[in-house]
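Here the structure is laid out as structure tokens; the discussion comes afterwards.
The values are calculated or read from the model by the stated rules, or taken from the named source; none is laboratory data. Treat the numbers as computed from the prediction; the structure is a model and nothing was measured. Cβ: placed from backbone, ideal geometry, glycine included. Neighbour counts: every protein chain shown. For the accessible areas, the whole protein counts, side chains as well, though only heavy atoms, and no ligand, DNA or RNA atoms are used. Shrake-Rupley method; radii C 1.70, N 1.55, O 1.52, S 1.80 Å.
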Amino acid sequence: MGGVGEPDGEPAQRGAPLPTLRWEQVRRHNLPGDKWLVIERRVYDISRWAQRHPGGSRLIGHHGAEDATDAFHAFHQDLSFVRKFLQPLLIGELAPEEPSQDGPQNTQLIEDFRALRQAVEDMKLFEAKPAFFGLLLGHILAMEVLAWLMIYMLGPGWVPSTLAALILAISQSQSWCLQHDLGHTSIFRNSRWNHLAQQFVMGQLKGFSAHWWNFRHFQHHAKPNIFHKDPDVTVAPVFLLGESSVEYGKKKRRYLPYNHQHLYFFLIGPPLLTLVNFEVENLAYMLVCMQWTDLLWAASFYTRFLLSYIPFYGIPGALLLFVAVRVLESHWFVWITQMNHIPREIGHEKHRDWASSQLAATCNVEPSLFIDWFSGHLNFQIEHHLFPTMPRHNYRRVAPLVKALCAKHGLSYEVKPFLTALVDIIRSLKKSGNVWLEAYLHQ
């Protein structure tokens, strides 16, 4: 075994002794263009390769100078295949006397979580049921056809149009859920099949880019509720969440009346997220990153939608129907996706272990057949974040095991009624606004 020292950045030669490193050396390499990370006690230099990472350079870069072992297992199904890409990046290993994780982390919790993951694998809970997801796609397509038939048979009156908009909004919401499953490669064993199917669902059925979604959503999973790493909570200066409330108050920043953000949330949050923010961000991503295949898929959605409804409404009416569907869908997206996160801890990087960081940022909503379907099983947010590639129909089976792990280590496993979870979003926004106001007035 090589002595402790600073490697020259060259990949380790196969069969040669690996240089041994200390955490203080690894910590120095967490800069743009200079990043190391640790997986299973081996140190990898990802500085030049990060731009080619399929999940994006930001995603892998968020784990710079950290032990990324559990994140590595969480995001990848075929580990033997992925390790082929790691081998050329290997530059050393942690010295024998060095702990596997940097900083004051709960080693026993980490070991117990890894044992839980192994037990879950042995129970085959990462295996999907094709019929389950086939039915999901079938009922989405059926709703698309039903909405069109309603207008075709009953005419473009207010009542048929309203019902059609509601049906299309539900279809769009369920399409979010299905593409989400595909993005996490939780349906097919072959990752490429998941990605191709996701492009179809996200592009043809929704008009968005699969690559754009994965780019932002995987960051959310890697570092949930962490400012500047999770795009879902990096929403200042429009809304202040968690620790940003105190920071803005102390610095006397008042771009908006944040003590009333729980009120203007209803005006610019649920109604406009997918209609404005997502549409603009998605288009910009496809153009800047030159995702031409995604752009063609998205164009096919708009072509199909307009050709289907212009004969009944004309161009202005078809566009109005599209806006109505997007606004309804946006309400679903905001309430369902944020009820598990906004009321939880939000702040700067704490460098916690995988299980602790996911549990601090998530909570569950009481399950029922309706809530499971309506939310796309996102009411099991804790299980989903701990095991992002697990097919959602297995969340109920793994939930008791996760709850037992939390009880053993004194970790919060919060489960709320559905309506309480929705109200807690507003309560959290109001609380953050009041914290900002107090800091603003008294500092």
Inset, instruction - Kindly establish whether F75 is surrounded by 15 or more Cβ atoms within 10 Å (Cβ to Cβ) and either closer than 20 Å to E40 by Cα or in contact (Cβ under 8 Å) with a residue 60 or more places away in the chain (or both). - result: yes
Inset, instruction - Kindly indicate whether any position in segment 220-229 is of a type outside the set (S, T, N, Q), more than 19 Å from the chain's Cα centre (by Cα) and part of a helix (DSSP H, G or I). - result: no
Inset, instruction - Would you be able to tell me the number of residues in segment 349-377 that are open to solvent by 30 Å² or more (accessible area, probe 1.4 Å), outside any helix (DSSP H, G or I) and either small (G, A, S) or modelled with pLDDT of 95 or more (or both)? - result: 3
Inset, instruction - State whether one or more residues within segment 154-173 are within 19 Å of the chain's Cα centre (by Cα) and either of a type in the set (S, T, Y) or open to solvent by 10 Å² or more (accessible area, probe 1.4 Å) (or both). - result: yes
Inset, instruction - Of the numbered conditions (1) over 19 Å from E345 (Cα atoms); (2) assigned to a loop (DSSP other than H, G, I, E, B); (3) polar (S, T, N, Q), Q198 fails exactly one; give the number of that condition. - result: (2)
Inset, instruction - Say whether the condition of being touching a residue at least 12 places away in the same chain (Cβ under 8 Å), in contact with a helix residue (DSSP H, G or I) (Cβ under 8 Å, 6 or more places away or on another chain), of a type outside the set (V, I, T) and within 20 Å of N394 (Cα to Cα) is met by at least one residue in segment 157-174. - result: yes
Inset, instruction - Kindly list the number of the only condition in (1) within 26 Å of H211 (Cβ to Cβ); (2) modelled with pLDDT under 95; (3) assigned to a loop (DSSP other than H, G, I, E, B) that fails for T274. - result: (3)
Inset, instruction - Tell me, yes or no, whether segment 92-109 has at least one residue that is assigned to a strand (DSSP E or B), aliphatic (A, V, I, L, M) and crowded, with 17+ Cβ neighbours inside 10 Å. - result: yes
Inset, instruction - Kindly establish whether F333 is open to solvent by 20 Å² or more (accessible area, probe 1.4 Å) and in contact with a helix residue (DSSP H, G or I) (Cβ under 9 Å, 6 or more places away or on another chain). - result: no
Inset, instruction - Among residues belonging to segment 111-124 that are hydrophobic (A, V, I, L, M, F, W, C) and either open to solvent by 80 Å² or more (accessible area, probe 1.4 Å) or out of contact with any Phe, Trp or Tyr (no Cβ under 8 Å at 6 or more places or on another chain) (or both), point out the one that is nearest to Q174 (Cα to Cα). - result: M123
